[in-house]
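In what follows, a single structure is set out as structure tokens and then discussed.
The values are calculated or read from the model by the stated rules, or taken from the named source; none is laboratory data. Note that the structure is a prediction, hence the values are computed from the model and not measured. In this analysis, Cβ positions are derived from the backbone assuming ideal geometry, glycine residues included, and neighbour counts consider all displayed protein chains.
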Amino acid sequence: MSEKHAFLSDGWITAVEKVVAEQGAGTAGPHGSMMMNLVVTDTPFGEDKQFHMGSADGNAVMGGGHREGADLTMTTDYTTAKEVFISGNQQAGMQAFMAGKVKVQGDMTKLMAAQAGGGPAGGDGMQAAIKDLTE
């Protein structure tokens, strides 16, 4: 069993980067390249957290900080981010978007294509590994 970390803590980001490096090759899914920067507000860390996720060159990508030239930037609160990215609750994400808790700047068509393409890059195995290391 892997060590668990608080969602978006520095330890969590390091552990996720390792999982993605180990399991992300060739797992980008059918939606091609799409890079999304995220800003998560109202974190328990006393500051907003930034990370990125998506796919590039057929590989899943996820890590700390923002990526230059990302297709879009999404801003949401910590609770919504954890519910969507860790619990996989896409309905919570849609409800938060409709309530104005999720803001998107950039190419919405890429986001919609990625969602229609079957979910996150990396597939179920990588998603399960990330969930397993999250408190």
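Couple of notes before you dig in:
- Any hit, segment 73-86, residues being under 18 Å from I13 (Cβ atoms), aromatic (F, W, Y) and either at pLDDT below 95 or in contact with a helix residue (DSSP H, G or I) (Cβ under 6 Å, 6 or more places away or on another chain) (or both): yes
- Qualifying residue in segment 48-61 (condition: at pLDDT 95 or above, under 23 Å from E135 (Cα atoms), of a type outside the set (F, W, Y) and over 11 Å from the mean Cα position of the chain (by Cα)): yes
- The set of residues from segment 64-88 being of a type in the set (A, V, I, L, M, F, W, C) and closer than 12 Å to M53 by Cβ comprises A70, L72, M74, A81, V84, F85.
- N59 vs. criteria within 25 Å of G125 (Cβ to Cβ) and touching an Asp or Glu at 6+ places or on another chain (Cβ under 7 Å): no
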